Amino acid sequence: MAMFIRVDVDNSVVEKTPSLADKLVEVCPVKIFKLSSQANAVDIVEENVDECTLCDLCMQASPEGVRVVKLYE
């Protein structure tokens, strides 16, 4: 379990945009996302979550589908 942040993904939003799942995997510099066994969806790689640099690239790719929540504020 991550100590500093939580990453929330709404796969119902991701599924509506073809190739968005691939884009999320591609843009994350610390590999927080991986392709899910479901089509057009991602899973969170929990052991990588605390490596997040808060770069916002995932939220820029999917403002409605991804949220990074700071647990320390």
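Just so you know, all these numbers are worked out from the coordinates, no wet-lab data involved. Everything numeric in this text was worked out from a predicted model, so none of it was measured. Every residue, glycine among them, receives a Cβ derived from its backbone with ideal geometry; neighbour counts consider all protein chains shown.
Return the pair list, or none, for Cβ contacts closer than 7 Å from residues in the range 1-27 that are without any contact (Cβ under 8 Å) to a residue 24 or more places away in the chain to residues that are of a type in the set (A, V, I, L, M) and part of a loop (DSSP other than H, G, I, E, B), at least 6 apart or on different chains.
The qualifying pairs are Ala21/Ala41.
Please go through the range 1-32 and give me each residue that is closer than 13 Å to Asp43 by Cβ and among the polar types (S, T, N, Q), ordered by number.
Within the range 1-32, Asn11 is the sole residue that qualifies.
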